[in-house]
Amino acid sequence: MIVEKQPLAKRYTAVAMVLHWLVAIFVFTAAGLALFREAFGSVSLTMISLHKQVGLAILSLALARLAWRLSHRPPPHNPPIPRWEARLAETVHRMLYVLLIAVPVTGWLFVSLAPEGRPLDYRGADSVPRLPLAIDDAASFGWHEAHELTGFALIGLFLVHLSGVARHQLLTRGGLLARMAGPGVPRLLAGVAILFLALWLIGLSLDFFGIRLLGDAPLGALEPLRPKD
């Protein structure tokens, strides 16, 4: 008896697409709230509290996305891409998964370990639950540094990912974007993600030129974290 092979899907599943675009939107949101809060001084504490909440949402979505990815085979590239490029894309995707989990976890650790004497934007009790860990100022500082380093690495990988997608869409005329932006909700979320990217670039411009839109930040809100002697 001859068993016919089922054709591979041309797009990711709807669940994968929704999770993908939600993660993209939330990452740009979290990065913007943290990096550009100085431009919105009077609401900077509100922004950093939202940053921590969005970070936990990213952690939940990333774990869900990883679980779905491990149980569902992705669609093939159409047209096919060179082997080296496929390997590079796979490496970038794996690193993105690692950082999507590492960045919120390191942030959660450093705000949970920070003592009450630290500025509110470095403590977690205002907007996220503390992990059941003993207060450790020096460890909190170390995890804060790890959070920043992994955060910037995540932004860098996002830009590498976006440049690869742009290259395929504009130069090779491949159907790469169509694999992740199906009709209905996924396409709507893709549009929202592009809008958030534009807002992120506006925030980057405000920060670069030192523009302040809503006055100065509350006293102590933007103090740097340093270990005590």
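All of the numbers you see were taken from the coordinates with simple rules; none came from a lab. Source: prediction; values computed, not measured. Neighbour counts run over all protein chains shown; Cβ positions are idealised from the backbone, glycine included.
The distance between label points at LEU70 and HIS161 comes to 1.8 nm (points 7 Å beyond Cα on the Cα→Cβ vector). Between LEU133 and VAL15, the simple label model (points 7 Å from Cα in the Cβ direction) yields a spacing of 3.1 nm. Annotation: extensible slack from ILE101 through LEU197 equals 32.5 nm (criterion: 0.36 nm per residue apart, minus Cα-Cα distance).
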